[in-house]
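The values are calculated or read from the model by the stated rules, or taken from the named source; none is laboratory data. Here the structure is a predicted model, which is why all the values come from computation and not from measurement. Neighbour counts are summed over all protein chains in view; Cβ atoms, including those assigned to glycine, are modelled from backbone coordinates with ideal geometry. All accessible areas refer to the heavy atoms of the entire protein, side chains included, with ligands and DNA or RNA removed. Shrake-Rupley method; radii C 1.70, N 1.55, O 1.52, S 1.80 Å.
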Amino acid sequence: MENKQNVYRGMMNGVSDRAVILLDRDGNIREWSRGAELIYGYSAGEVLGKHIGILHTPEDVTEGLSSREFASSSASGCFEAEGWRVTKSGKRFWSGVVVTPFGEPDAFVGFLKVGRDLTREREREQSLQRARDEIRELSTPVIRLWDNILALPIIGTLDSMRTLRLTENLLEKIRTEEAGIVIMDISGVSAIDTQVAQYLLKTIQAARLMGADTILSGLRPETAQSMVQLGIELGKIKSRSTLHDALKLAFSMGHADVSDLSFSGGAP
Amino acid sequence: MTESPGGIIKIGSNLLVRLDGDLDDEMVNRLESKIVSEVEKTHAQGMLIDVSGLTLVDSFVARIIARIVSLVRLLGAETVVVGIQPAVAITLVELGVRFHNITTALNAEQGMELLEGLKSQ
C-alpha cells in the first residue's frame, strides 16, 4: 500500500511539463501536481478544495465549460479538447486537456485532468498557416501586361487543386480586364508530364471559352523534347520560347493596339 | 434595333439571341424554329448567342448551344457564343465538353467585332 502511494506520488510530480489534477465529482480540486504548479503558478495549498473553474476564463465559466467537460468525459470515457486557460497571474495560455473519469463504475470518485501548455505550438501552427496562405496567394498571380493581354507565370509543381485555383483566378481576371490574350509562362515549371499537360490544357480551354487565346512561353527545349516523347499534343496552341517573343506574337494577333507602344512607353 | 419575340434582337445585319433561365426540350424546339424564321426573314449573316444569363450549365445545355450553332451555320450565318461565365467555363471543361469549331468571345461587344471579322473572311 505504502509502495503504491509512492508510485502514485512519483507519477503526479515526476511529470513537470503536464498539469496533473484530480477532481472530485463536483469539480473541486483534490490533488495538484508539481507540473500543475509550474504551469498555473498556484501552489497546492492555494487551490486544493477550490473549483476547477478558477483556471478557466470568465467566458468559459459563464458558458459552463467544466460541466460540459465532465458530461462528455463521463459519456465517452475520455474527453480531449484545446482552449484558453488562466494562470494565477491572470495570463492566458492555450492548453490541451484530457479529462478522464476515474474510479469504478459503481464507485465513481472523480476526474483526472491532464493539461499541457500548447501556446507555442499554436503560434507555430498559425504562422505556418499564414505562410501557407501567402504562398498560395503568390502561387497564382495574374498580371496585366497590356490593354487586353494577361500574363500568368506558373512556378513550381501543379496539382489539381492549384490548377483549379489558378484557372478561377485567371478567368475572373479575363472578365474584369476584358482580356483577349493570355501569355502562360511555364519557364518556372521544372517538368511537364502527361498529367500537368492535361491541367494546362484544361486551363487553356476554359480561357478559350471565355474568349481569350493562350500563348505558351518559356517552354524549355528539354521539356519540349520530353513532351514530344510522352506524346503530349498541344494542338493549335501557340508557343514561343521567350516571354519577349510571346508578347510580340500577342501584339501581332491584332487584339492589341501596338501603336500605343511608340509614344506611351509605360503601362496604359 | 427591332425586338422579336423570344429574346431575339436584330442589330444591323446580325441577330442576338439570349439564352437564360431553365431550358427544356419544348422551349429549345420553339427557340430553334424562331431562330430559323428570323434568319430567313431578316437575312441575317451573323448571330451572337449570349449565354451570360446561364449560371448552371450541364451537358444538356452544352448540347443545345452546339446544336443552335450548327443550325445557324447551315442557314448560312456565322455565330459567336458570348458571355460564358468563369464557373460555367470550368464546368464545361470538367465535363469534357469540347466546343469544336465554335467561336467564343467575352461579351457581346467583342463578339460583334469577331463576327464582322468572320463575315469578311
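When the range B:103-114 is examined, which residues are found to be at the interface with chain A (Cβ under 9 Å from one of its Cβ atoms) and hydrophobic (A, V, I, L, M, F, W, C)? Within the range B:103-114, B:ALA105, B:LEU106, B:LEU114 meet the criteria. Taking the criterion of being of a type in the set (A, V, I, L, M) and modelled with pLDDT under 90, the residues of the range B:96-107 that qualify are B:VAL97, B:ILE102. A Cβ distance below 9 Å, combined with a sequence gap of six or more or placement on separate chains, defines the contacts here; from the range B:89-110, residues that are within 16 Å of A:GLY211 (Cβ to Cβ) reach residues that are open to solvent by 40 Å² or more (accessible area, probe 1.4 Å) and in a loop (DSSP other than H, G, I, E, B) in the pairs B:LEU92/B:ARG98; B:LEU106/A:GLU178; B:ASN107/A:GLU178; B:GLU109/A:GLU178; B:GLN110/A:GLU178.
Could you check the range B:32-54 and list, in sequence order, the residues that are more than 14 Å from every other protein chain (Cβ to nearest Cβ) and either surrounded by fewer than 16 Cβ atoms within 10 Å (Cβ to Cβ) or modelled with pLDDT under 85 (or both)? Within the range B:32-54, B:GLU32, B:SER33, B:VAL36, B:SER37, B:GLU40, B:LYS41, B:HIS43, B:GLY53 qualify. Listed conditions (1) over 11 Å from the mean Cα position of the chain (by Cα); (2) surrounded by fewer than 15 Cβ atoms within 10 Å (Cβ to Cβ) are all met by B:ARG67, apart from (1). Of the residues examined, A:LEU150 is not one that is over 20 Å from A:ALA224 (Cβ atoms), buried (at least 19 other Cβ atoms within 10 Å of the Cβ) and touching a Pro at 6+ places or on another chain (Cβ under 7 Å). Could you go through the range A:253-260 and let me know if any residue there is modelled with pLDDT of 80 or more and open to solvent by less than 60 Å² (accessible area, probe 1.4 Å). There is at least one residue in the range A:253-260 that is modelled with pLDDT of 80 or more and open to solvent by less than 60 Å² (accessible area, probe 1.4 Å). Of the set (1) more than 24 Å from A:LYS236 (Cα to Cα); (2) more than 11 Å from chain A (Cβ to nearest Cβ); (3) buried (at least 16 other Cβ atoms within 10 Å of the Cβ), all apply to B:PHE60 but (3). No other residue among A:PHE93, A:PHE70, A:PHE79 is in contact with an Asp or Glu (Cβ under 8 Å, 6 or more places away or on another chain), among the aromatic types (Phe, Trp, Tyr) and modelled with pLDDT under 90 apart from A:PHE79. Just one of the numbered conditions (1) within 13 Å of another protein chain (Cβ to nearest Cβ); (2) surrounded by fewer than 21 Cβ atoms within 10 Å (Cβ to Cβ); (3) part of a helix (DSSP H, G or I) is not true of A:SER226: (1).
Scanning the range A:229-252 for residues that are out of contact with any strand residue (DSSP E or B) (no Cβ under 7 Å at 6 or more places or on another chain), of a type in the set (Ser, Thr, Tyr) and outside any helix (DSSP H, G or I) yields one hit, A:SER241.
Scanning the range B:94-121 for residues that are touching a Lys or Arg at 6+ places or on another chain (Cβ under 8 Å) and under 15 Å from A:ASN148 (Cα atoms) returns a single hit, B:LEU106. Taken over the range A:126-146, residues that are surrounded by 12 or more Cβ atoms within 10 Å (Cβ to Cβ) and either modelled with pLDDT of 85 or more or within 30 Å of A:TYR40 (Cβ to Cβ) (or both) amount to 5. Residue under question is B:VAL97, and the condition is that it be farther than 20 Å from A:THR176 by Cβ, aliphatic (A, V, I, L, M), part of a strand (DSSP E or B) and within 11 Å of another protein chain (Cβ to nearest Cβ); does it hold? Judged against the criteria, B:VAL97 is not a match. Among the conditions (1) buried (at least 19 other Cβ atoms within 10 Å of the Cβ); (2) facing chain B (nearest Cβ under 10 Å), the only one that A:VAL196 does not satisfy is (2). No other residue among A:LEU170, A:LEU164, A:LEU200 is closer than 20 Å to A:SER241 by Cα, under 27 Å from the mean Cα position of the chain (by Cα), in a helix (DSSP H, G or I) and not β-branched (Val, Ile, Thr) apart from A:LEU200. Of all residues in the range A:115-134, those satisfying the criterion of being of a type in the set (S, T, N, Q) and more than 30 Å from A:LEU23 (Cα to Cα) are A:GLN126, A:SER127, A:GLN129.
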